[in-house]
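Written below as structure tokens is the structure these notes are about.
Read-outs throughout are calculated quantities, based only on the coordinates presented, and are distinct from any laboratory measurement. What you see is a predicted model; the values in this text were computed from it and never measured.
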Amino acid sequence: MPSITQHTLPSEPPLGAPCRAADSPWLAPVLQHFRVMIEDLFPTKSLYATLAVFFDFPDDPLHPRLIARVAGIDIKCVRRQLPRLVRCGVIASRYAGKERRYWLRLDFPLHGELVSIFGKTRDTRIYRGQNPFPDPLGFLEDLLDDGE
């Protein structure tokens, strides 16, 4: 995977100059880096499921086994995807005793865009133990509660 630090960037254009990649040789490596990051994010379903758990629980440091249980995928798949996400910079990790914990990095350059992507798809994800079907008679309870 190419790194942004591998490229030598020419000096920045003067203020007011166009900032298109075709016109600016200093911007092309940066845009290439972001394109590679985005392509590297979702090549497999297990990677999407792993990342979705992080965006559903953004404030919690997560253990790989917990991620596997919540997402309903194999622990081996989760352990395979976590180093990729750390390498991309989306999540960070550290040891807590003997366990390794992972959490979202809020300073990731595309964090806001990923939040909006996963926010839009949050209602379509169903985790184990969650009732996938709404109660068909739930509206009757609402009517009875309002009548009291």
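Across all directions, the average projected area of the convex hull around the alpha carbons of the range 45-123 is 5.0 nm². Straight-line reach from LYS120: which lysines fall under 18 Å, measuring Cα to Cα and dropping same-chain residues less than 8 apart? Within reach: LYS45.
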